[in-house]
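Accompanying notes for the structure given below.
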Amino acid sequence: MNTSDGWRRRRVPEARGRAGAPRTPIDYAKVGRSSVRRRARGMMHSEAVAAFEGAELDAHLARRDEAAADDGGRRAAELAEWQRVVQLLAATGGPYDPDADVVVQEELAEDRRREEAEQQRRQEQQQIADRADELAALAGAGRLDRTVASRPGDEAARALLDDYDYRVAAVDDWLAHALATHSGHYADPDTRATAATLLPAPVRARAALLAALARTGAPVDGDLEFVGRLAQADPDATNALATWLETAAAVKGGTA
């Protein structure tokens, strides 16, 4: 893809590596439970009881130390996990095997589902970022026209360009025409209705006015820069004008 104007491939925020970017907080309770499970592997019931009593003693002594008290809930989680392992081994006899522990395996399965969902989310975000770059490149090259079909996710791609990419104006014009003419993914009525919640008010107002002008028989394929300026300046007034034109066209059609 052409990068002669200095444009580079956009990355989703998590992939940019910016300083100060938020990181996933450490789950100290989860760390504590995992530590207990590693230590308890192979233990019999009596051994787990002894380990539990030792953990209780350590926790009691740590309460006197303010620095040790701030552990993010790890110590409480370890005690609860030791108690659970002791109760489990009292019923099964042992030795303890995390691989056969239903609770542990359910947690691991949930972790995998969460990781897969996060990976899918990141992939979808990157696809949107790639689409934003594609639209911006087409707009910069003057090739973002009616031959380029809109598709699902373009509203989110457009949002990535907002406020910091000068080519967003051309993308707005392209989206407004697609919405007005029901082309691309806007051929679906439900998608058009959803666009009202995803596109900025000026873009929706521009589309409404273009659609109203088309119904009057006026050509809308030429340079209609004034429509964009009106919509940007006052979306409500633009929508009112579109409604008036629609009404006038309906009256004219009824008396013809």
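All of the numbers you see were taken from the coordinates with simple rules; none came from a lab. The model shown is predicted, which means the values in this text are computed figures rather than measured ones. As a convention, Cβ positions derive from the backbone with ideal geometry for all residues, glycine included, and neighbour counts pool all protein chains shown.
Key figures for this structure:
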{"item": "Ranked list, fewest to most other Cβ atoms within 10 Å of each Cβ, for Phe52, Phe226", "result": "Phe226, Phe52"}
{"item": "Summed side-chain charge close to Leu245 - residues other than Leu245 whose Cβ falls under 14 Å, Lys, Arg +1, Asp, Glu -1", "result": "+2"}
{"item": "Trypsin sites (Lys or Arg not before Pro) restricted to DSSP loop in the range 129-159 with at most 14 other C-beta within 10 Å", "result": "Arg143, Arg146"}
{"item": "For the range 118-255: relative contact order, % (alpha-carbon pairs under 8 angstrom, 6 or more apart)", "result": "19"}
{"item": "Mean Cα-pair separation over length for the chain, i.e. relative contact order, pairs under 8 Å, 6 or more apart, %", "result": "15"}
{"item": "With Cα atoms, 0 to 90° folded angle of helix 28-40 axis to the chain main axis", "result": "40"}
{"item": "The range 29-112: C-alpha gyration tensor shape, a/c 1.5 cut-off, then a/b vs b/c", "result": "oblate"}
{"item": "Size of electric dipole in the range 28-100: Cβ of Lys, Arg +1 and of Asp, Glu -1, about Cα centre, debye, nearest 20", "result": "200"}
{"item": "Charge dipole magnitude, Cβ of K and R +1, D and E -1 - the range 125-251, Cα centre, debye nearest 20", "result": "260"}
{"item": "Two-site FRET efficiency, Val31 against Thr197, from Cβ-Cβ distance with R₀ of 51 Å, rounded to 0.05", "result": "0.80"}
{"item": "Student exercise, the chain dipole from Lys, Arg, Asp, Glu Cβ charges, in Debye to nearest 20", "result": "440"}
{"item": "Selected from Ser150, Ser34, Ser183 as most flexible by GNM, with the chain as the system and alpha-carbon contacts under 10 Å", "result": "Ser34"}
{"item": "Neighbour-count ranking [beta-carbon atoms within 10 angstrom, fewest first] of Leu210, Leu144", "result": "Leu144, Leu210"}
{"item": "Cα long-axis angle, helix 201-215 against the chain (0 to 90 degrees, to the nearest 10)", "result": "40"}
{"item": "Dipole-positive endmost among Pro98, Gln126, Ala250 within the chain (Cβ charges, Cα centre)", "result": "Ala250"}
